[in-house]
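One structure below.
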Amino acid sequence: MNSSSKSKTEFVLGIETSCDDTSAAVVDRSGIIRAHKTLSQYDIHAPYGGIYPELASRAHIKKIMPIIDDVIKKSAIKPMDLTAIGVTRGPGLIGSLLVGIATAEALSLAWNLPLYGVNHLRGHIRSVELDNKTITFPALVLLVSGGHTLLAYLPNRQRIDLLGATRDDSVGEAYDKVARMLGLPMPGGQAIDKQACFGQAIYDFPKPMINKNNYDFSFSGLKSSVARFINDNPQAAKENIACSFVVACIDTLMQKTRLAIQSYKPHSLVIVGGVAASKQLRHAAKIVCQKENIALVLPDIQWSRDNAAMIALATWDYVGDVNPKPIVPCPNLDICTY
Ligand code: KG4
Ligand code: ZN
């Protein structure tokens, strides 16, 4: 077997443009990253205090091909020697998804490679397996990102049972909105997480649905309560507000997670999505897993946020599909759908 046919069986190109990160990566079946690049758009969206969808699509159009070129060069693999291309088909912003899909379709034609539409949420779950970490099944997944907050039970790698999800704002969205109220810079979650380290949880913010015997969440009431508090107490220290807010979020997330661990008895807890980068959440999860005697599997901080490496790794779950579906962008794609 010559070296080019060897590499042909081993690497896929992943493309991620579902929201405000433009990303490409070349990854092998076991999660080893051959090349990766992500470009964030914080500077573009910061003046608007949140993501401006049309500007996100335009930035993806500008950046996606240079990033792919870079990644292919760094990987030192000829495009035709790749096994396949995988691209996020949802959930996400429709304009952003379309840029990634159109680019991937063009490259798949030009390079004569099979193309697969990947579920971004399944990509987040795979993010923990980049750099050789493994999930032991059955597993409980807590997915906490800017668009989602959910708990799912995975008896094995193929099957995902959704246990519960947020009924309104996601936890990441609440972090971002509270950061804006406190005048902190984007990315808001990161800024709140940092401020919270310097503060004390002296304010008792509500923890919606914490005592309900189900796996659903709600964060919009907490967010509104923080907004009212800031309005009524303009002198209160930012770091104490941030810390009290973070404690309310994490207590709620961990209470529901503990309930699911006790009911479903998984072997591991997997926490993924942008908010999994939170130091406080990581610390709280470690304590819960020690008490419940199960493994805690966390992605590297850089892979908890949106990136194409996790999409490339998830692409391997689709490779070889004898009936690959046409790639239809799906802004509301749910976690249970391939
Ligand atoms: O997974 P992600 O990159 O994008 C989506 O799929 O939504 O998650 C982005 C979210 C944002 O709400 C961001 O504020 C939050 O993750 N985030 C954090 C941290 N870093 C990013 N939240 C808490 N602590 C962090 N260190
Ligand atoms: Zn994401």
Problem - Complete set of residues in the range 251-302 that are surrounded by 15 or more Cβ atoms within 10 Å (Cβ to Cβ), assigned to a helix (DSSP H, G or I), within 16 Å of ligand 1 (Cβ to nearest atom) and of a type in the set (A, V, I, L, M, F, W, C) - result: Leu253, Met254, Val275, Ala276, Ala277, Leu281, Ala284, Ala285
Exercise for the section: Can you tell me which residue among Gly123, Gly164 is within 13 Å of ligand 1 (Cβ to nearest atom) and closer than 17 Å to Leu333 by Cα? Expected result: Gly123
Practice task
Evaluate the range 165-180: report whether one residue or more is surrounded by fewer than 19 Cβ atoms within 10 Å (Cβ to Cβ), free of Cβ contacts under 8 Å to residues at least 60 places away in the same chain, touching a helix residue (DSSP H, G or I) at 6+ places or on another chain (Cβ under 6 Å) and within 16 Å of Ser218 (Cβ to Cβ).
Solution key: yes
Practice task
For the range 262-292, name all the residues that are among the β-branched types (Val, Ile, Thr) and in contact with a Ser or Thr (Cβ under 6 Å, 6 or more places away or on another chain).
Solution key: Val272
Practice task
Kindly list the number of the only condition in (1) within 14 Å of ligand 2 (Cβ to nearest atom); (2) closer than 17 Å to Glu16 by Cα that fails for Thr315.
Solution key: (1)
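For the range 292-312, which residues satisfy the criterion of being among the aliphatic types (A, V, I, L, M), within 13 Å of ligand 2 (Cβ to nearest atom) and touching a helix residue (DSSP H, G or I) at 6+ places or on another chain (Cβ under 7 Å)? Don't jump to the end; show me each part of the working.
Our first condition is that a residue be among the aliphatic types (A, V, I, L, M); within the range 292-312, this holds for 294-298, 301, 308-312.
If we keep only those that are within 13 Å of ligand 2 (Cβ to nearest atom) as well, we get 308-311.
Within the range 292-312, Ala309, Met310, Ile311 qualify.
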Completion exercise
The condition from (1) in contact (Cβ under 8 Å) with a residue 60 or more places away in the chain; (2) closer than 20 Å to Asp251 by Cβ; (3) within 16 Å of ligand 2 (Cβ to nearest atom) that Leu130 misses is numbered (2)
Problem - Selection from the range 12-39 of residues that are of a type in the set (A, V, I, L, M, F, W, C) and modelled with pLDDT under 95 - result: Ile32
Handout entry: Among (1) hydrophobic (A, V, I, L, M, F, W, C); (2) assigned to a strand (DSSP E or B); (3) farther than 17 Å from Leu151 by Cα - the single one Ile311 does not satisfy
Key = (2)
Practice task
May I ask you to list pairs of residues, at least six apart or on different chains, whose Cβ atoms are under 7 Å apart, with the first in the range 285-310 being in contact (Cβ under 8 Å) with a residue 12 or more places away in the chain and among the polar types (S, T, N, Q) and the second being within 13 Å of ligand 1 (Cβ to nearest atom) and in a loop (DSSP other than H, G, I, E, B)?
Solution key: Ser304/Gly273
Exercise for the section: Scan the range 303-320 residue by residue and report those that are away from ligand 1 (no atom under 14 Å from the Cβ) and small (Gly, Ala, Ser). Expected result: Ala312, Gly320
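Results for (1) away from ligand 2 (no atom under 16 Å from the Cβ); (2) assigned to a strand (DSSP E or B), shown as yes or no for each residue.
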{"residue": "His124", "(1), (2)": "no, no"}
{"residue": "Val141", "(1), (2)": "no, yes"}
{"residue": "Ala152", "(1), (2)": "no, yes"}
{"residue": "Lys177", "(1), (2)": "yes, no"}
Practice task
Output the strands (runs of 3 or more DSSP E) that fall wholly within the range 22-119 and possess 1 or more residues being in contact (Cβ under 8 Å) with a residue 24 or more places away in the chain, surrounded by fewer than 21 Cβ atoms within 10 Å (Cβ to Cβ) and of a type in the set (S, T, N, Q), or say none.
Solution key: 33-40
Problem - Residue that is surrounded by the fewest Cβ atoms within 10 Å (Cβ to Cβ), among those in the range 191-228 that are part of a helix (DSSP H, G or I), in contact with a helix residue (DSSP H, G or I) (Cβ under 7 Å, 6 or more places away or on another chain) and not aliphatic (A, V, I, L, M) - result: Cys197
Exercise for the section: Considering only residues that are touching a Ser or Thr at 6+ places or on another chain (Cβ under 6 Å) and of a type outside the set (A, V, I, L, M, F, W, C), look in the range 207-261 and name the one that is modelled with the lowest pLDDT. Expected result: Pro208
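The values are calculated or read from the model by the stated rules, or taken from the named source; none is laboratory data. This one's a predicted model, so the numbers in the text were calculated from it and none came from an experiment. Neighbour counts are summed over all protein chains in view; Cβ atoms, including those assigned to glycine, are modelled from backbone coordinates with ideal geometry.
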